[in-house]
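Take a look at the structure below.
Every number here is computed from the coordinates shown, using simple stated rules; none is lab data. Owing to the predicted nature of the structure, the values given are computational and were not obtained by experimental measurement. Virtual Cβ from ideal backbone geometry, glycine too; neighbours counted across all protein chains shown.
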Amino acid sequence: MKKDIHPQTYRTVIFKDTSNDSAFLTRSTAASKETMVWEDGKEYPVVKVEISNTSHPFYTGKSMFVDTAGRIEKFKKRYEKKA
């Protein structure tokens, strides 16, 4: 393995799933300007994600429809047949 290619600046952050408002605390190098108070009363940076293990169909066992920022409407508008 090559030396000194992995980041050394890990910090504790909150990952928040925007599709179902669940959150979990972990260490990461992801940058964020937003902060949030966690259950322990401390303030941590927040990284928002669209899908996590609490909303992904593979982990939940059920299909969940997530349309972020109107992607379906954009697709339909782009490929609709001209009348």
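Looking at the range 12-44, the chymotrypsin sites (Phe, Trp or Tyr not before Pro) that sit in a DSSP loop and have at most 16 other Cβ atoms within 10 Å of their own Cβ are TRP38.
What does the net charge come to around GLU34 if you take all other residues with beta carbon closer than 10 Å to its beta carbon, with K and R at +1 and D and E at -1? For residues surrounding GLU34, the net value is +3.
If r is the Cβ-Cβ distance from SER22 to ILE72 and R0 is 30 Å, what FRET efficiency results, to the nearest 0.05?
Values: r = 24 Å, r/R0 = 0.79.
Efficiency for this residue pair is about 0.80.
May I ask which of LYS48/LYS77; LYS16/LYS74; LYS16/LYS76; LYS2/LYS74; LYS3/LYS33 have a Cα-Cα span longer than 32 Å here? All intermediate terms of the calculation are to be shown ahead of the outcome.
Details: LYS48/LYS77 28 Å; LYS16/LYS74 26 Å; LYS16/LYS76 29 Å; LYS2/LYS74 44 Å; LYS3/LYS33 30 Å.
Among LYS48/LYS77; LYS16/LYS74; LYS16/LYS76; LYS2/LYS74; LYS3/LYS33, the Cα-Cα distance tops 32 Å for LYS2/LYS74.
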